[in-house]
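Encoded as structure tokens, the structure appears first; notes follow it.
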Amino acid sequence: MGDAMTDTEKRRWLRRYRQAMRVEDRLRDRIRAVRSRTESTTQALQPVAGGGSRNGSKQEKGTEILEAYQAELVAQLEKSQRIRQEIEAAINRLKDPMQREVLQYLYIDGLPVWKTANRMYISDRWVKSQHKKALANLEIVPLSSPLYGVL
């Protein structure tokens, strides 16, 4: 990537996957809300016996909004997957298996330090130490880079 990244920049780069997951969650929430509103509106706009209905366009609009959010979610899922692959590729290039595991738990699984320590049967302090070493050893090569797969 040219100049070496600082530890802060590496942390920011590693956090992208969890951020992408939060965007997915927000989109799912929007889809649920629109679906709920569309369903309740459809019920409320049911024609009464003997009356005509001009509410098809309102129902169609709700469907259009829902489809737009669903398309956005599909695009976000694809983006999240690309980000995860890029981050996992960088993590998997680390030589030390413990450093790989620490970064996987912290940045892919989103676990806090204490839970990572419990899962690995080590102390919080050891997790922090391994995290610091892993960041120092982490080499980031984006998937789009011509060097990807060469290392």
Does residue 32 fit the bill of being modelled with pLDDT of 80 or more, out of contact with any Asp or Glu (no Cβ under 8 Å at 6 or more places or on another chain) and under 19 Å from residue 84 (Cβ atoms)? no
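Per-residue answers, yes or no, for (1) closer than 16 Å to residue 12 by Cα; (2) touching a residue at least 40 places away in the same chain (Cβ under 8 Å):
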| site | (1), (2) |
| --- | --- |
| 79 | no, yes |
| 90 | yes, yes |
| 99 | no, no |
| 107 | yes, yes |
| 110 | yes, yes |
| 116 | no, no |
| 121 | no, no |
| 129 | no, no |
| 135 | yes, yes |
Tally the residues that are crowded, with 16+ Cβ neighbours inside 10 Å and of a type in the set (Gly, Ala, Ser), restricting the search to region 129-142. 1
State whether one or more residues within region 36-57 are part of a helix (DSSP H, G or I), at pLDDT below 95 and touching a Leu at 6+ places or on another chain (Cβ under 7 Å). yes
By residue number, the members of region 119-128 that are surrounded by fewer than 14 Cβ atoms within 10 Å (Cβ to Cβ) and not charged (D, E, K, R) are 121, 123
Looking at this structure, is residue 73 buried (at least 16 other Cβ atoms within 10 Å of the Cβ), modelled with pLDDT under 95, assigned to a helix (DSSP H, G or I) and of a type in the set (A, V, I, L, M)? no
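The values are calculated or read from the model by the stated rules, or taken from the named source; none is laboratory data. Just so it is clear, the model here is predicted, and its values are computed rather than measured. Here the Cβ is made from the backbone with ideal geometry for all residues, glycine too, and neighbour counts use every protein chain on show.
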